[in-house]
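J.: Pasting in a structure now, in structure tokens, and then I'll have a few things to ask.
The values are calculated or read from the model by the stated rules, or taken from the named source; none is laboratory data. Being a predicted model, the structure only gives us computed values, none of them experimental. No Cβ is skipped: glycine too gets one built from the backbone with ideal geometry, and neighbour counts run over all protein chains shown. Accessible surface areas use protein heavy atoms only, side chains included; no ligands, DNA or RNA. Shrake-Rupley method; radii C 1.70, N 1.55, O 1.52, S 1.80 Å.
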Amino acid sequence: MKPGYLLLYLLMYVAFQKANAQSAELKTNNLVWTNQSKNAGESMPCGGGDIGLNVWVENGDLYFYIAKSGNFDENNAFLKSGRVKIRLTPNPFTNTNFSQQLTLIDGSVTIKGENSKLHTTVKLWVDVFRPVIHVEINSNEAVKTEADYESWRYIDRAVNGTENNQDSYKWSKDGVVKTLKDNISFKNNTVLFYHKNADASVFDATIKEEGLDAVKSQLFNPLYHLTFGGMMKGNGMQPAGTYSGKYLNTDFEGWKLQSTKATTSQELEVYLNTGYSNSAEEWEQNLDKVVKDAAANYQTALANTQAWWKQFWERSFIFINPDQQNANSPEWQAGRNYQLFRYMLGCNAFGSYPTKFNGGLFTYDPVLTDTAYKYTPDFRNWGGGLMTAQNQRLVYWPMLKSGDFDLMKPQFDFYLRALKNAELRTKVYWGHDGASFTEQMENFGLPNRGEYGLKRPADYDKGVEYNAWLEYLWDTSLEFCQMILENERYAGKDIKEYIPLVESCLTFFNEHYQYLAKNRGNKALDTSGHLVLYPGSGGETYKMAYNSSSTIAALQTVLTRLLALPPSYITTDKRKYFETMLKRIPPIPLREMNGHKTIAPAQLWERVNNEETTQLYPVFPWGIYGIGKPGLDIAVNTFKYDTLALKFRSGKGWKQDNIFAARLGLTKEAADLTLFKLKDSGRRFPAFWGPGFDWAPDHNWGGSGMIGLQEMLIQVDDKKIYLFPAWPKDWNVHFKLHAPYNTTVEATVKNGKVESLTVLPKEREKDVVNMLK
């Protein structure tokens with residue numbers, strides 16, 4: 001063999017061996033249950049594209065809830081598409097030989113049952129590229145299939161009291177809120193179901209409440225003419241009547257399809273369509289296009305879906321102690337649950353809306369999360385179309401290092417769609433430029449009307465929320481601006497379409513704080529030529545803040561990164577404008593705590609309202625302090641000696657102390673807090689954490705756990721790559737993560753030593769610092 005061919009063969013062999021090893025490790029993370037579930041709270045996630053299913057078998061019947069990204073009703077609640085129940089006769093799931101498995105490598109759930117000589121396998125999978133759910137039933141003996149579409153929205157349902165936490169009315173008392181009924185019927189041997197939003201919605205109520213009627217016609221309204229639903233069908237199946245029932249505390253009606261004869265093979269599909277239409281007929285025509293497209297691509301759909309999931313797993317992973325599989329080990333659980341949670345995020349890769357922090361696509365009957373909430377399966381705390389930025393950010397930050405850049409687009413587009421509304425809001429209230437995005441905002445970019453304040457003083461600033469937690473909290477949008485900018489740095493993504501969003505978010509601070517200063521006195525800047533960031537806020541915690549350190553760090557970082565973009569991204573005039581603005585950002589305030597220099601939350605503040613440690617936001621997300629950077633001791637002192645940082649410390653929910661510890665190289669603290677985050681949830685599905693401060697499954701709990709684990713393994717400072725800055729030497733690991741400048745790092749550590757390390761492109765090896773040495 002020629003030397004060149006030998007080298008090529010060796011490289012191919014090494015790559016093959018690595019792929020095999022990774023596939024074998026991933027296989028150990030598959031979840032297998034050998035008995036049936038008690039209820040929907042013991043369900044297993046399955047999904048793809050922008051669809052999520054909760055799958056479980058209960059008393060011999062197979063169930064799954066359906067959720068699809070963007071299904072917001074006129075109240076801006078995030079509605080389920082319904083529930084499907086499948087019953088087989090004779091029933092293979094009435095005996096003890098049962099299994100249900102989530103197979104990560106292809107994103108499917110497989111259920112097997114044996115009843116005497118009857119052996120049946122049911123496979124559920126979702127087409128990643130089309131909104132189609134597939135159920136494939138195969139038996140060694142002929143069985144009859146009954147597939148029922150069940151809906152609790154067969155009638156209008158009044159929504160009262162705390163149940164309005166699922167929608168955007170919240171606690172408003174100005175009328176009865178109703179979830180309007182769906183249209184459900186048999187049609188041509190299928191079950192057809194859809195919800196068409198009424199013309200009037202909570203959007204209109206919000207505009208009126210917030211005094212924006214003059215610009216209403218210019219505002220983006222995502223609820224108007226929105227229609228969503230689908231169709232369930234199966235070859236050789238026909239309608240078999242309707243029935244009524246009750247699941248847990250919720251009554252429902254069911255529409256039956258039955259196979260005309262017993263067969264050894266039965267396929268069932270649910271086709272979904274969400275979009276804008278002037279009529280039900282137009283929506284149905286678009287649904288028919290989904291059906292025809294699925295039929296045309298039937299032969300390749302499964303293979304293409306499997307190929308997508310395969311590349312998803314190959315591009316990033318973290319396996320802890322992969323050679324010592326131990327379901328009772330917190331370290332092994334953390335690695336496995338990292339994969340399980342990332343799978344859940346992957347199910348909304350192509351959604352029209354981002355994965356929601358308060359359950360994503362995988363909520364279930366709320367009484368199984370909190371017994372006080374005896375509401376329908378549509379309920380989730382903290383709203384449906386309402387987004388909370390401080391929570392959402394933790395779902396999306398880990399996608400940089402996992403290389404899931406395609407998954408970030410729905411979150412970026414969420415802000416881009418709402419940009420004009422946020423700019424109009426600023427212009428109406430204050431007469432200057434820039435987008436004023438609030439911390440909690442609707443999918444149309446305005447504050448929630450309840451959070452805005454329904455009992456406001458007549459002379460209170462119309463642009464400010466009359467809310468002790470949310471007043472003057474503008475800076476959270478800057479984290480998503482930074483994620484956009486990092487997409488360019490990490491992956492070389494073309495981000496031109498998002499530059500107006502980034503520029504507008506920054507412009508708001510430059511214009512608004514000069515506007516406020518000029519309203520108070522003669523000067524727009526302080527004696528040092530800096531913006532006076534007052535009134536401001538350190539998260540929801542440090543209120544009426546003067547020069548909040550989290551805001552300063554955000555402005556410094558985003559401005560610096562924007563100005564570092566290639567010249568084609570910013571005009572010469574804009575560059576001068578933002579260079580001037582950067583010079584106006586004041587320094588991060590410091591203070592003494594117990595004789596140690598620390599980062600202050602702000603220069604001054606009036607009260608402490610929540611329990612976020614925003615004095616450490618210059619560490620994460622902003623990366624001004626950290627490994628290899630100046631002032632690391634100041635940041636470490638803040639973590640160790642700041643009395644409120646110590647008081648607030650926790651691993652619960654959105655708490656990010658594990659991330660701070662990792663960024664500061666505090667190995668024990670990072671390990672302990674991250675293990676708390678990523679250990680088994682206590683629910684049957686181990687990555688259904690929560691409710692924490694929010695809801696279950698708590699996605700900002702999982703996201704902050706992911707970030708902490710990544711930061712323990714790899715941190716970056718421009719081109720420097722620090723490996724294992726907070727990694728315990730007694731944890732073995734095999735991982736692959738992403739770094740800036742189209743770089744991937746794959747390494748194996750055993751017994752405290754790096755056994756293999758692959759950095760691509762190879763020239764980036766010179767930038768790697770191995771901190772295990």
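J.: Among the residues of the stretch 655-668 satisfying the criterion of being among the aliphatic types (A, V, I, L, M) and in a loop (DSSP other than H, G, I, E, B), which is surrounded by the fewest Cβ atoms within 10 Å (Cβ to Cβ)?
T.: Filtering the stretch 655-668 for residues that are among the aliphatic types (A, V, I, L, M) and in a loop (DSSP other than H, G, I, E, B), the one surrounded by the fewest Cβ atoms within 10 Å (Cβ to Cβ) comes out as 666.
J.: Could we say that residue 265 is out of contact with any Lys or Arg (no Cβ under 8 Å at 6 or more places or on another chain), in contact (Cβ under 8 Å) with a residue 60 or more places away in the chain and of a type in the set (Gly, Ala, Ser) here?
T.: Yes; evaluated as a whole, the condition is true for this residue.
J.: Starting from residues that are in a strand (DSSP E or B), open to solvent by 10 Å² or more (accessible area, probe 1.4 Å) and among the hydrophobic types (A, V, I, L, M, F, W, C), keep the ones in the stretch 591-633 and report whichever is modelled with the lowest pLDDT.
T.: 593
J.: What number of residues within the stretch 102-123 satisfy the criterion of being among the small types (Gly, Ala, Ser), at pLDDT 95 or above and open to solvent by 60 Å² or more (accessible area, probe 1.4 Å)?
T.: Final tally of qualifying residues: 0.
J.: So residue 149 fits all but one of (1) within 23 Å of residue 440 (Cα to Cα); (2) assigned to a strand (DSSP E or B); what number is the exception?
T.: Answer for residue 149: the failing condition is (1).
J.: Residue under question is residue 310, and the condition is that it be basic (Lys, Arg), open to solvent by less than 60 Å² (accessible area, probe 1.4 Å) and at negative phi; does it hold?
T.: no
J.: When the residues of the stretch 320-354 are narrowed to those that are among the hydroxyl-bearing types (Ser, Thr, Tyr) and open to solvent by less than 10 Å² (accessible area, probe 1.4 Å), which ends up farthest from residue 107 (Cα to Cα)?
T.: My answer is 338.
J.: Now, a different point. Given the residues 261, 233, which is the only one that is open to solvent by 20 Å² or more (accessible area, probe 1.4 Å) and within 18 Å of residue 84 (Cβ to Cβ)?
T.: When all the criteria are applied, what remains is 233.
J.: Another question about this same structure. Of all the residues that make up the stretch 490-528, how many are open to solvent by 30 Å² or more (accessible area, probe 1.4 Å) and over 22 Å from residue 607 (Cα atoms)?
T.: Residues in the stretch 490-528 being open to solvent by 30 Å² or more (accessible area, probe 1.4 Å) and over 22 Å from residue 607 (Cα atoms): 18 in total.
J.: What pairs come out if I take residues in the stretch 570-587 that are over 20 Å from residue 534 (Cα atoms) and pair them with residues that are open to solvent by 70 Å² or more (accessible area, probe 1.4 Å) whose C-beta lies under 9 Å away, six or more apart or interchain?
T.: Between residues of the stretch 570-587 that are over 20 Å from residue 534 (Cα atoms) and residues that are open to solvent by 70 Å² or more (accessible area, probe 1.4 Å), the close pairs are 575/567.
J.: Ok, one more. If you go through the stretch 355-387 one residue at a time, how many are closer than 20 Å to residue 443 by Cα and either without any contact (Cβ under 8 Å) to a residue 60 or more places away in the chain or under 10 Å from the mean Cα position of the chain (by Cα) (or both)?
T.: 8
J.: Any residue in the stretch 595-608 that is hydrophobic (A, V, I, L, M, F, W, C) sitting within a Cβ distance under 7 Å of a residue that is open to solvent by 70 Å² or more (accessible area, probe 1.4 Å)? List the pairs, counting only those 6 or more apart or interchain.
T.: Note: pairs meeting the criteria are 599/590; 600/590.
J.: Looking only at the stretch 481-536, how many residues end up being charged (D, E, K, R) and part of a helix (DSSP H, G or I)?
T.: 9
J.: Give 219, 192, 180 a once-over and let me know the one that is under 15 Å from residue 280 (Cα atoms) and open to solvent by less than 70 Å² (accessible area, probe 1.4 Å).
T.: 192
J.: Which one of these is closer than 17 Å to residue 320 by Cβ and either open to solvent by 10 Å² or more (accessible area, probe 1.4 Å) or in contact with a strand residue (DSSP E or B) (Cβ under 8 Å, 6 or more places away or on another chain) (or both): 647, 640, 652, 679?
T.: Being closer than 17 Å to residue 320 by Cβ and either open to solvent by 10 Å² or more (accessible area, probe 1.4 Å) or in contact with a strand residue (DSSP E or B) (Cβ under 8 Å, 6 or more places away or on another chain) (or both) holds for just one of 647, 640, 652, 679, which is 679.
J.: For residue 146, indicate whether it is surrounded by fewer than 24 Cβ atoms within 10 Å (Cβ to Cβ), within 24 Å of residue 252 (Cα to Cα) and of a type in the set (D, E, K, R).
T.: yes
J.: Something else: For the stretch 126-135: of the residues being open to solvent by 10 Å² or more (accessible area, probe 1.4 Å) and touching a Ser or Thr at 6+ places or on another chain (Cβ under 8 Å), which is nearest to residue 82 (Cα to Cα)?
T.: Restricting to residues being open to solvent by 10 Å² or more (accessible area, probe 1.4 Å) and touching a Ser or Thr at 6+ places or on another chain (Cβ under 8 Å), the top hit is 131.
J.: Looking only at the stretch 544-562, which residues are part of a strand (DSSP E or B) and surrounded by 21 or more Cβ atoms within 10 Å (Cβ to Cβ)?
T.: 545, 547, 548
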